[in-house]
Amino acid sequence: MEVKCPQCSSRFNLPDAAARPGAKLRCAVCKTVFSLPGGDAPAQAPASKQKRKEAPAEPLPELGRKRGGRRKLWLVLLLLLLLCGAGAGGYYYYFFLNTETPPSEADIAKKVELLTMRNVRQYNVLNEKVGKVFVIEGKVVNEFPEPKELIALEGAIYDKDKKPLAVKKQLAGTQLSLFQLQVLSEKEMEAFLNNKVEILTNNTNVPPGGEVPFMILFYDPPDDVAEFGVKIVDVKNVEGK
């Protein structure tokens, strides 16, 4: 039961078992003694006896009235920040977190049939931190009659028996310079290639005839790499187009 002090208006929680009409209570804030409505208040007992018989009602936790409001405000602000981040990189995360059943090879081929690759080349770079870096780069051209976005590719390196040694998927939209390939660490290069701002700038709303650069890196590849391959594996339609 909720009780309000008639003197200082502080509010308290009183156990239902103690909420008898006419029961006397002492305010834990201003020490005023008052009675619950619904009965005649008995004569006030001596202070010593009153202390034995009456336990002050516990005040409502401040957390529920004041700090709770602040906590709720922080939760709202945190939620807004998360929503802003999700809005900025929604397409990017959709690509990586999509758990739908993978499409068949025929479905993929149909989906990307009017995307072509241009100026594809492969070369090795000696990096001062990683060692040899196997680089595949080029451009994807949108030959669809409507805009496309979030074009994704898959690169692979093979041995002389055409057995895959490593396979890697990469969103188009970013490329590193030769200097960056020579001096950056593996972590720094991956962070650059997966930079959401660059990807959303270069790999969204790609118009008909538009080009998107791509780069796929394999770090310290095996010595028996004999050939490589790269293919387009996904693309998204531009919403509202």
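The values are calculated or read from the model by the stated rules, or taken from the named source; none is laboratory data. All figures in this text were calculated on a predicted structure; none of them were measured in a lab. Calculation scope for accessible area: heavy atoms of the full protein, side chains included, ligands and nucleic acids excluded. Shrake-Rupley method; radii C 1.70, N 1.55, O 1.52, S 1.80 Å.
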Practice prompt. Please report how far the C-alpha centroid of the range 214-241 lies from that of the range 126-159, rounded to the nearest whole angstrom.
Written response: 4
Worksheet item: Taking amide H positions as placed 1.01 Å from N in the peptide plane, with prolines and chain starts having none, which residues 5 or more places from N127, or on another chain, fall under 5 Å of its amide H?
Response: K132, V133
Fill in: Reachable aspartates and glutamates from K110, criterion Cα separation under 20 angstrom, eight or more residues apart if same chain
E100, E143, E146, E149, E154, E211, D234, E239
Worksheet item: How much area per residue is accessible in the range 170-241 when the probe is 1.4 Å and only protein heavy atoms are counted (Å²)?
Response: 49
Worksheet, complete the sentence: Taking protein heavy atoms only, a 1.4 Å probe, and rounding to whole percent, the accessible area of the range 124-241 owed to carbon and sulfur comes out at 50
